[in-house]
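Participant: Submitted below is the structure of interest, expressed as structure tokens.
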Amino acid sequence: MWRNTCKLLSNPNYNHNLLKSSSYSASNFNVVYGWAPSQATHYYSSPSSATSGSLELGISSRKSDGVRSFSSSSAAVPAVVDHLSSPLTSALQLGRHYSRCYWELSKARLSMLVVATSGTGYVLGSAGSAVDLAGLCWTCAGTMMVASSANSLNQVFEKNNDAKMKRTRLRPLPSRRLTIPHALTWASSVGVAGTAILACKANMLAAGLGASNLILYAFVYTPLKQIHPVNTWVGAVVGAIPPLLGWAAASGEISLNSMILPAALYFWQIPHFMALAYLCRSDYAAGGFKMFSLADASGRRTAAVALRNCLYLVPLGFVAYDWGVASGWFCLESSLLTLAISALAFSFYLNRTTQNARRMFHASLLYLPVFMSGLLFHRVPDNQQSLSEDSLGRITELEPIAQGSENFQPGNQETRSSTGKQARSPASYASAAPFPFLPAPSYATS
Ligand SMILES: CC(C)=CCC/C(C)=C/CC/C(C)=C/COP(=O)(O)OP(=O)(O)O
């Protein structure tokens, strides 16, 4: 099978025909994260025309993406090189073909965004100003592999739906560049390897979060897309887990502080996907998906949901500051950023045009990297270990009471601030922080 495929790819006539028939051009590939709603194409590279017919190993006999990219690059090479093709060059072509397929199957750009959120969670969850770089790299690698597996399974389950949508019909499975058993083998290999990496190089909590998220995305969210519009909210939970995974990988635990970035991701995804589902309504309907916007002809409810979730983002900057995760500058920046996206959502609510939906969509694409960069830039290290309030109600760093000092009592979690002020325990602070009007629980010492 391998030899036949190599023969086929090294056949000069085959390449020649492809060169003649190739309609590849750079403009046919969309390279931004997110979708390009204006063209109803997908954010993971999409070739320009449908392919059909498959050969052994699932390679298309026509204008497959991988072969087309080969053809386009080989156009610059003298034709004589084609005639000198050896098994080695055939193997290289095959390698390129499959790399391309795996890249698309894994929705690599989306997976990289997921990795960025997980990496940000890792840095935020790291105690002190030093971040364990090796740990960060392993966490990113594990997250990338588990996310790739989840995305590949999603495409296996949605092969027939994807074939009916303009945006997705050229993915490796509907375009028959890859077979389902091949995609399943890829998905399970990277899924198992990614979970093992998280378990061995981070901890079981991070591995458990990764594996559960894979199950939630592939086996709950994916079928739900064809059943009920609530799928968008379930998908928002899936998108919110990776930063929690990163935090858990760094600190070995999940605390209240760790919820800020996941909350931002959850609320952010709603306007993002509402705008998308509004712009791609006909495509989603053709694919048989039950998106919220399809049952809302005027778009009014879709826009209202988007606006409401933008407003939920507003207090997050303050919460990050108040809980000691980021400085006051982040509070200011985040508030301005969130008010800007809320203003765009409001204008979409008032005037539901494609242009306004597209503006809100593009703003959502900008929002996340800016929010995460701000959070990283204004991060307050040591936020989990030591929390206390100074006389102005600001959070100050605490020093654990040294064993042997006069106030030390085994089992007592009390700490003292660097200014010498007796502080509430972190648990006490955490339970009071979001509800300052409630009395903080007191911890009796025996
Ligand atoms: C660690 C781990 C497992 C992370 C997974 C993170 C992940 C895959 C997040 C994606 C969230 C989401 C709702 C995407 C849209 O999928 P869609 O099915 O609507 O997209 P499509 O229509 O392009 O197929």
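The values are calculated or read from the model by the stated rules, or taken from the named source; none is laboratory data. Just so we're clear, the structure is a prediction, and the values are computed from it rather than from any experiment. Note that we place each Cβ from the backbone using ideal geometry, even for glycine, and neighbour counts take in every protein chain shown. All accessible areas refer to the heavy atoms of the entire protein, side chains included, with ligands and DNA or RNA removed. Shrake-Rupley method; radii C 1.70, N 1.55, O 1.52, S 1.80 Å.
Participant: So Ala277 clears everything in (1) crowded, with 21+ Cβ neighbours inside 10 Å; (2) at pLDDT 95 or above; (3) hydrophobic (A, V, I, L, M, F, W, C) except one condition, right? Which one?
Facilitator: For Ala277, the failing item is (2).
Participant: Restricting the search to the stretch 120-165, which residues are of a type in the set (Gly, Ala, Ser), out of contact with any Phe, Trp or Tyr (no Cβ under 8 Å at 6 or more places or on another chain) and more than 11 Å from the ligand (Cβ to nearest atom)?
Facilitator: Ser126, Ala127, Gly128, Ser129, Ala130, Ala134, Ala141, Ala163 - these are the residues of the stretch 120-165 that are of a type in the set (Gly, Ala, Ser), out of contact with any Phe, Trp or Tyr (no Cβ under 8 Å at 6 or more places or on another chain) and more than 11 Å from the ligand (Cβ to nearest atom).
Participant: Now for a different question. If you go through the stretch 206-216 one residue at a time, do you hit one that is closer than 30 Å to Ser342 by Cβ, touching a residue at least 60 places away in the same chain (Cβ under 8 Å) and either assigned to a helix (DSSP H, G or I) or of a type in the set (Asp, Glu) (or both)?
Facilitator: Yes, because at least one residue in the stretch 206-216 is closer than 30 Å to Ser342 by Cβ, touching a residue at least 60 places away in the same chain (Cβ under 8 Å) and either assigned to a helix (DSSP H, G or I) or of a type in the set (Asp, Glu) (or both).
Participant: Can you name the number of the only condition in (1) within 8 Å of the ligand (Cβ to nearest atom); (2) of a type in the set (A, V, I, L, M, F, W, C); (3) farther than 25 Å from Leu261 by Cβ that Ile227 fails?
Facilitator: (1)
Participant: If you scan the stretch 194-219, which residues turn out to be more than 11 Å from the ligand (Cβ to nearest atom) and either in contact with a Ser or Thr (Cβ under 7 Å, 6 or more places away or on another chain) or closer than 21 Å to Phe157 by Cβ (or both)?
Facilitator: Ala202, Phe219
Participant: Just the residues that are open to solvent by less than 40 Å² (accessible area, probe 1.4 Å) and either farther than 16 Å from Gly246 by Cβ or among the hydroxyl-bearing types (Ser, Thr, Tyr) (or both), please, taken from the stretch 110-149.
Facilitator: Once the filter is applied, which keeps residues that are open to solvent by less than 40 Å² (accessible area, probe 1.4 Å) and either farther than 16 Å from Gly246 by Cβ or among the hydroxyl-bearing types (Ser, Thr, Tyr) (or both), the stretch 110-149 yields Leu110, Ser111, Thr117, Ser118, Thr120, Tyr122, Ser126, Gly128, Thr139, Thr143, Ser148, Ser149.
Participant: Which residues, taken from the stretch 285-296, are farther than 16 Å from Ala236 by Cβ, assigned to a helix (DSSP H, G or I) and open to solvent by 10 Å² or more (accessible area, probe 1.4 Å)?
Facilitator: Ala285, Ala286, Leu294, Ala295
Participant: In the stretch 250-269, how many residues are open to solvent by less than 10 Å² (accessible area, probe 1.4 Å) and either of a type in the set (Ser, Thr, Tyr) or within 11 Å of the ligand (Cβ to nearest atom) (or both)?
Facilitator: Going through the stretch 250-269 one residue at a time, the tally reaches 2.
Participant: Now a separate question. What's the total number of residues in the stretch 180-205 that are in contact with a Leu (Cβ under 8 Å, 6 or more places away or on another chain), open to solvent by 20 Å² or more (accessible area, probe 1.4 Å) and in contact (Cβ under 8 Å) with a residue 60 or more places away in the chain?
Facilitator: Qualifying residue count for the region: 2.
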